[in-house]
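K.L.:
Quick one: the structure is below, questions incoming.
The values are calculated or read from the model by the stated rules, or taken from the named source; none is laboratory data. Only a predicted model underlies this, so the values are computations on that prediction, with no experimental measurement involved. Note that we place each Cβ from the backbone using ideal geometry, even for glycine, and neighbour counts take in every protein chain shown.
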Amino acid sequence: MQLNVFERLLIRNIVLEEVQELISGLFTGEELIDLQIKQDGKQVKWKVKRDDGTDIQQERDIAVSDVLKAKIGTFLRQLKDTGGLGPQCTELYNKFVGGEVEKS
């Protein structure tokens, strides 16, 4: 499953304790060095280019079990049902739940 940096950060924030293995695999050490992810208030920022101007890969294939995919999908459905699924989460919702989400 191709997940971009934003989607992986979202997952990191919504998964439960039992999926620590997934969390530890969301970013490699090299990615963390290259991306330089920083929390700035409520915003999370990361680099898209290295200092030499070359692009930093934003997507990587992440192994997600069917069980975990279902759990994340359930959580995203709950967010959608309670109005807590922001427009920035539409693509993530579609990847884990399928179907279309109305964009606000």
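K.L.:
So if I check each of VAL5, VAL101, VAL15, which one is modelled with pLDDT under 85, within 16 Å of the chain's Cα centre (by Cα) and crowded, with 16+ Cβ neighbours inside 10 Å?
P.N.:
It is VAL15.
K.L.:
So, of the residues in the range 28-77 that are over 16 Å from ASN4 (Cβ atoms) and basic (Lys, Arg), which turns out to be nearest to the chain's Cα centre (by Cα)?
P.N.:
In this case the residue turns out to be LYS69.
K.L.:
Quick one: is LYS95 under 12 Å from the mean Cα position of the chain (by Cα) and modelled with pLDDT of 90 or more? Can you show your working first?
P.N.:
Numbers: under 12 Å from the mean Cα position of the chain (by Cα): yes; modelled with pLDDT of 90 or more: yes.
Yes.
K.L.:
Kindly indicate the residue of the range 31-45 that is under 17 Å from ARG60 (Cα atoms) and out of contact with any Phe, Trp or Tyr (no Cβ under 8 Å at 6 or more places or on another chain) and also surrounded by the fewest Cβ atoms within 10 Å (Cβ to Cβ) among those meeting that condition. Walk me through it before giving the result.
P.N.:
From the range 31-45, those under 17 Å from ARG60 (Cα atoms) are 31-37; that's our starting set.
Checking the rest, the ones that are also out of contact with any Phe, Trp or Tyr (no Cβ under 8 Å at 6 or more places or on another chain) come to 31-34.
Values: GLU31: 17, LEU32: 12, ILE33: 9, ASP34: 19.
Within the range 31-45, the match that is surrounded by the fewest Cβ atoms within 10 Å (Cβ to Cβ) is ILE33.
K.L.:
Of all residues being over 19 Å from VAL97 (Cα atoms) and loosely packed, with under 10 Cβ neighbours inside 10 Å in the range 46-67, which is modelled with the lowest pLDDT? Just the residue, please.
P.N.:
By that ranking, first place goes to ASP51.
For (1) under 17 Å from ARG12 (Cα atoms); (2) assigned to a helix (DSSP H, G or I), each residue gets a yes or a no:
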{"position": "GLY25", "(1), (2)": "yes, yes"}
{"position": "ILE33", "(1), (2)": "no, yes"}
{"position": "GLN39", "(1), (2)": "yes, no"}
{"position": "GLN57", "(1), (2)": "no, no"}
{"position": "VAL67", "(1), (2)": "yes, yes"}
{"position": "LYS71", "(1), (2)": "yes, yes"}
{"position": "PHE75", "(1), (2)": "yes, yes"}
{"position": "LYS80", "(1), (2)": "no, yes"}
